[in-house]
Amino acid sequence: MKSATVPAFLRLFVPGLLWHKPAGMKKLYLTFDDGPEPEITPAVLEMLDHYKAKASFFCVGENVEKYPEVFDDMKQRGHLPGNHSYNHLNGWKTPLDKYFHNVHKCHEKVQSPWFRPPYGRITPAQIHSLRKDFNIVMWSVLSYDFDKDMDKEECLRLVLHNAADGNIVVFHDSKKAAPRLFYALEHTLEHFAKLGYRFCRLDD
């Protein structure tokens, strides 16, 4: 069975990263990685609008360059842009200088102080360098919508059973995730809206 959360003792080994926001205000922080994608992101934006939800989008720089109109639409609707590197690099497999340059290349397109490492993989040296310029964001709950071996009901179950007040939840606005994304996202929004939650940007 997949684990949607990261054990607390593991988070202690990587201090200085944002794993959750303060509890006590009935807020969830929905985040989306890997876009913008013209066949997926606009539908996500419409769904968020329907629930008056705001979210944070960690964008791949080359996708922003390909689809600037989708990126601009996301910002105009009041959502928070974030940096997901220019080429979706795996930090564990990328030298520091190359990784640092790639993140800053994405920053030229996105202009955001919020960064999430692709795959959640980042080294202590990369953290040390990037913390000077960015808020490095991880997550509280991972939906696994990117995993083709997961069914949409299981992705939803992972979110509903694990998400709580102040949590940062990860979805992906990508073609690969779409078969699971739309089902899990809509039911997540519906479920927590009925419980009186608000859906907020990370800078809220």
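Readers should treat all values here as calculations from the given coordinates under stated rules, not as data from a laboratory. Fair warning: this is a prediction, and the values are worked out from it, not measured in the lab. Reconstructed Cβ throughout: ideal geometry from the backbone, glycine too, with neighbour counts over all protein chains shown.
The table below lists the values:
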quantity: Which listed pairs, of Lys26/Lys93; Lys105/Lys152; Lys132/Lys152; Lys21/Lys175, have C-alpha distances above 32 Å, in listed order; calculated: Lys26/Lys93; Lys105/Lys152; Lys132/Lys152
quantity: The chain: relative contact order in percent, alpha carbon pairs under 8 Å with at least 6 residues between; calculated: 33
quantity: Most to least packed among 120-133, 168-181 [average Cβ atoms within 10 Å]; calculated: 168-181, 120-133
quantity: Local net charge near Phe146, Cβ-Cβ under 11 Å (Lys/Arg +1, Asp/Glu -1); calculated: -2
quantity: Cα gyration tensor shape of region 81-156, rounded if a/c is under 1.5, else prolate or oblate by comparing a/b with b/c; calculated: prolate
quantity: Region 156-171-region 125-149 distance, computed between alpha-carbon centres (Å); calculated: 16
quantity: Vicinal HN-Hα couplings computed from phi for region 87-95 (Karplus, 6.51 cos²θ - 1.76 cosθ + 1.60; Hz; Gly/Pro x); calculated: 10, 6, 7, 8, x, 6, 10, 10, x
quantity: Computed magnitude of the charge dipole of the chain (debye, nearest 20; Cβ of K, R +1, Cβ of D, E -1); calculated: 680
quantity: Neighbour-limited loop hits for GluC sites (Glu not before Pro), region 16-73 (at most 14 other Cβ within 10 Å; DSSP other than H, G, I, E, B); calculated: Glu39
quantity: Cα gyration tensor, region 22-65 - rounded (a/c under 1.5), prolate or oblate; calculated: oblate
quantity: Euclidean distance of C-alpha centroids, region 15-39 and region 84-107, integer Å; calculated: 20
quantity: Computed helical MRE - 222 nm, the chain, DSSP H runs ≥ 4 contributing -39500 (n - 2.57), nearest 500; calculated: -11500 deg cm²/dmol
